[in-house]
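This report refers to the structure that appears directly beneath it.
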Amino acid sequence: MISVAIDGPAGAGKSTIARAAAKELGFLYADTGALYRAVACYMMSRVDPADASAVVPLLDEVSVELKFAEGEQRVFLNGEDVSDRIRTPEVSVHASEVSQIPQVRQFLFSLQQDLAKTNSIVMDGRDIGTVVLPHAAVKIFLTADPEVRARRRFRELTEKGLEVTFEEVLADVVKRDDADMHRAVSPLRQAADAVRVDTTDCSLEESIARVIRVIREKQG
Ligand code: DC
């Protein structure tokens, strides 16, 4: 089994690029942010997702699963497919909050590791190369300037028909970067042995090509 870990901040293009790379290589693609989003989805209608003492006891009621159909990942929360519901800006904020709780990270840890034990995989997230798959054959840290990432996110959200302003999206990107990089457990950081790919000045096609090139070079 070969694992490729792709980490980086929100909006760097991780999911699109990782999906394309996985397809090219014939590997499974797993988006681990979806797991934190599913947990957030459960918590946000019940408790304050930022309140660890309220969230942790409720983890007993939660079952999160990833299923793959024709290479596409679907995420299930207590048996219900929530893959579309987890993509709102509100869930983004709460996913970042629950991801700061060590017990939530622990709760999702083995699910992620088990996937990589049984499949050649491209996995994207924040701590894949540093914590979840420290022995991944290839590690990539994908990044871009905050304004560029916010512009991409803004386009994505408005294309889906969500009513947001660019300023809101930029503020959300900056806030989430700060929270993801400065949390106490598994903060977002580049693994020592990761290759940094900055996509600020790259088109999507160029970014995909660069990532695939890095993977092929590492694979020898
Ligand atoms: O990649 P995303 O925007 O779907 O991730 C949602 C949140 O989940 C993000 O703010 C940080 C958190 N996350 C994490 O802490 N660790 C991961 N491996 C993936 C996501």
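Laboratory data are not the source of any read-out in this text; all were calculated from the coordinates shown. Note that the coordinates shown come from a computational prediction; the quantities given were computed from them, not determined experimentally. In this analysis, Cβ positions are derived from the backbone assuming ideal geometry, glycine residues included, and neighbour counts consider all displayed protein chains.
For the chain, give me the percentage of DSSP beta bridges that are antiparallel, rounded to the nearest 5 percent. Kindly include the intermediate steps, with their values, before the conclusion.
Working: 8 of 25 bridges.
The answer is about 30 percent antiparallel.
Under the rule a/c < 1.5 gives rounded, and otherwise a/b versus b/c splits prolate from oblate, where does the range 48-166 land using the Cα gyration tensor?
Values: a/c = 1.42, a/b = 1.14, b/c = 1.25.
Here the range 48-166 falls in the rounded category.
Compute the Cα gyration tensor for the range 175-220, then decide on rounded, prolate or oblate, letting a ≥ b ≥ c be the square roots of its eigenvalues: rounded whenever a/c is under 1.5, prolate when a/b is larger than b/c in the other cases, and oblate in all that remain.
Numbers: a/c = 4.02, a/b = 1.61, b/c = 2.50.
Here the range 175-220 falls in the oblate category.
Can you give me the long-range amide H partners of Val197? Hydrogens built in the peptide plane at 1.01 Å from N, cutoff under 5 Å, separation of 5 or more residues or another chain.
Phe141, Leu142, Thr143
With a ≥ b ≥ c the root eigenvalues of the C-alpha gyration tensor of the range 47-93, is it rounded (a/c under 1.5), prolate (a/b larger than b/c) or oblate?
Details: a/c = 3.33, a/b = 1.63, b/c = 2.05.
Cα axes put the range 47-93 in the oblate bin.
Please give me, ordered by residue number, the GluC sites (Glu not before Pro) of the range 95-170 that lie in loop per DSSP and have at most 16 other Cβ atoms within 10 Å. Write down the numbers at each step before the final one.
Values: sites: Glu97, Glu147, Glu156, Glu159, Glu163, Glu167, Glu168; in loops: Glu163.
Of the GluC sites (Glu not before Pro), the ones in loops of the range 95-170 whose Cβ has at most 16 other Cβ atoms within 10 Å are Glu163.
Give the peptides 7-13, 54-60 in descending order of average Cβ contacts within 10 Å, highest first.
Details: 7-13: 24.9, 54-60: 14.4.
Top of the packing list down: 7-13, 54-60.
Got a sec to turn the phi values of the range 170-177 into Karplus ³J(HN,Hα) couplings, 6.51 cos²θ - 1.76 cosθ + 1.60 with θ = phi - 60°, whole Hz, x for Gly and Pro?
Whole-Hz 3J(HN,Hα) from phi for the range 170-177: 5, 4, 5, 4, 5, 5, 5, 4.
Which FRET efficiency value, to the nearest 0.05, do you get for Asp60 and Asp193 by plugging their Cβ-Cβ distance into 1/(1 + (r/R0)^6) with R0 = 35 Å?
FRET efficiency, Asp60 to Asp193: 0.45.
Can you compute 3J(HN,Hα) from phi for each residue in the range 84-93, using the Karplus curve 6.51 cos²θ - 1.76 cosθ + 1.60 with θ = phi - 60°, rounded to whole Hz and x for Gly and Pro?
For the range 84-93, the Karplus curve yields 8, 5, 7, 9, 8, x, 4, 5, 4, 4 Hz.
Ignoring everything except DSSP H segments at least 4 long, calculate the 222 nm mean residue ellipticity for the chain; use -39,500 (n - 2.57) per segment, divide by total residues, nearest 500. Kindly include the intermediate steps, with their values, before the conclusion.
Values: 8 runs with 105 residues, N = 220.
Helix contribution divided over all residues of the chain: -15000 deg cm²/dmol.
For an R0 of 30 angstrom, estimate the FRET efficiency from the Cβ-Cβ distance between Glu205 and Leu162 and round to the nearest 0.05. Show your work: numbers first, answer last.
Numbers: r = 26 Å, r/R0 = 0.85.
Using R0 = 30 Å, I get an efficiency of 0.70.
Can you tell me which of 66-74, 117-125, 33-41 comes out highest on packing, and rank the rest after it, using the mean Cβ neighbours within 10 Å?
On the way: 66-74: 12.1, 117-125: 21.0, 33-41: 24.7.
Highest mean packing first, the order is 33-41, 117-125, 66-74.
Using mean Cβ contacts within 10 Å as the protection proxy, how do 23-31, 184-192 order, highest first? Don't jump to the answer; show the numbers that get you there.
Numbers: 23-31: 18.0, 184-192: 15.2.
In decreasing order of mean packing, 23-31, 184-192 become 23-31, 184-192.
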